[in-house]
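Below is one structure; the comments refer to it alone.
Values quoted throughout were computed directly from the atomic coordinates according to the rules given, and no laboratory measurement underlies them. These figures come from a predicted structure and were not determined experimentally. Note that each Cβ is placed from the backbone with ideal geometry, even for glycine, and that neighbours are counted across all protein chains shown.
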Amino acid sequence: MLDVLLPPPPRDSGWESDDLDMYDLPDHVELIYGALELMMSPQRTWHHLIIRRLANALESVAEPQWQIEQEMTVRINRKNRPEPDLLLVKPSMEYTPATKWFYPEDVGLAVEVESPESETRDQELKPAIYALGRIPYYLRVSEGEGFVPIMHLYKLVDGKYQLVSEHEGRLVMDEPVKIDVEIKAR
């Protein structure tokens, strides 16, 4: 078992977005409603394969309007800085190779690939936070029968995500990029 000692919050009101850059925190720490969330559960090969295949597929259609980023945080507000598995972001002169986070207005799509440990967060908590940042699209990928990825694409409408499409083993979108491609874990 791995023990990680996190420092106490720097103020009574908890952690804030800028604190993540000012403290020596472990990799893959998210700020969720002022609390630090540390991703410590071991991931399965399925999770990594799906992320890699989604990133490759999106990258093939994204440029030059978009770029794909993996495991980077989005500064939603003072109390929320989540780390999606993948992001579709606008290339900007403001961002450099040293960039650690993105503004939500530069994100066109946030992607979460569910694991058993993250299921509730990815289905309930994360969409609410991404909606606060007005990220136009949210893609949640769950594991179906026989390791088939199920793509749940949501569009932000009046401040809430509405399901736009659901496909087994296929990534199908018209916005923010047009794509129709098979995604398999095997």
**Asked** Lysine pairs in the chain with alpha-carbon atoms under 29 Å apart, 8 or more places apart or on different chains: how many are there?
**Response** 22
**Fill in**
Options (i) 1.02; (ii) 0.96; (iii) 0.93 are given for Rg/Rh (Cα atoms, Kirkwood Rh), and the computed one is (ii)
**Complete:** Sorted on mean Cβ neighbours within 10 Å (highest first), peptides 10-18, 127-135, 94-102, 108-116 come out as 108-116, 127-135, 10-18, 94-102
**Message:** As I understand it, the value is the acute angle between the Cα axis of helix 45-62 and the longest principal axis of the Cα atoms of the chain; what does it come to in degrees, rounded to 10?
**Reply:** 70
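When ranked by the protection proxy of mean other Cβ atoms within 10 Å per residue, highest first, what sequence do the peptides 19-29, 68-78 form? Mind dumping the intermediate values first?
Numbers: 19-29: 13.1, 68-78: 18.1.
Highest mean packing first, the order is 68-78, 19-29.
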**Message:** Sort 178-185, 139-146 by the packing proxy (mean of other Cβ within 10 Å over each peptide's residues), most packed first.
**Reply:** 139-146, 178-185
**Cα-centre dipole for the range 44-182 with unit charges at Cβ (Lys and Arg positive, Asp and Glu negative), debye to 20** = 540
